[in-house]
């Protein structure tokens, strides 16, 4: 029996992208999925699309809540997850049909708490070439360094191209900081890495990141980006206790 994977999808006004995202999830070659859609107060047709897909696929649960931000949306999904593993997909992105089969295979084969794959950046330029890369076990320290490099092929500071053992989240109470609006992924991921004994990573890309000019991280500096500074401060606090050499 394949272990259950819980997928949390935070959604806020993603109407133009959401069907492609959800189709890529429900059509995965890996079938034992719990799909949790968290509609974070969308003002477009996203909420109705969520309900439409829930009727079509019994694996889908929909949560509607007032707009509280992506961290609160992910936390709402995490609190009801039942899977052995947790995964995240953003509502405007999409994934290769075998992504969760690929990640589950990496995790099970290596008895890893985190399994990560590469990703495509779907911007104006062509996506990166699909590379078949051998997976490797990496240390906590290396995983943290790689997650902060922010280069095209690295572990990356985002949570979406990975699966995580739910027991680590449950036992250690690792939730997203709802006061952080940019950089929340980086902080959550570093906390999860520190509580993980085995991390396996392959550069083989399976996730498609859709970037656009409206993304908060691509807009000119504004007051929201102060949140990223606060996220870095918290990462320093968490990581510095164990790996002070990384903080430099």
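Bear in mind these aren't lab numbers, they're just calculated from the coordinates by the rules spelled out. The shown structure was predicted, so the numbers you read here are calculated from the model rather than taken from an experiment. Heads up, the Cβs are rebuilt from the backbone with ideal geometry, glycines too, and the neighbour counts pull from every protein chain shown.
The table that follows gives values for the structure above.
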quantity	calculated
Binned Cα-Cα distances of region 22-123, short to long, each 5 Å bin given as a whole percent	2, 11, 21, 23, 21, 14, 6, 1, 0
Rounded to 5, percent antiparallel among DSSP beta bridges of region 5-247	30 percent
Rg/Rh ratio calculated on Cα atoms of the chain (Kirkwood radius)	0.93
Residues 94, 188 arranged by fewest to most Cβ contacts within 10 Å	94, 188
Candidates 56, 230, 170: whichever shows maximal mean-square fluctuation once the chain is modelled as a Gaussian network with Cα springs under 10 Å	56
Least to most buried among 198, 162 (fewest other Cβ within 10 Å first)	198, 162
Exposure proxy ranking, count of Cβ atoms within 10 Å, fewest first, for 99, 186, 146, 1	1, 146, 186, 99
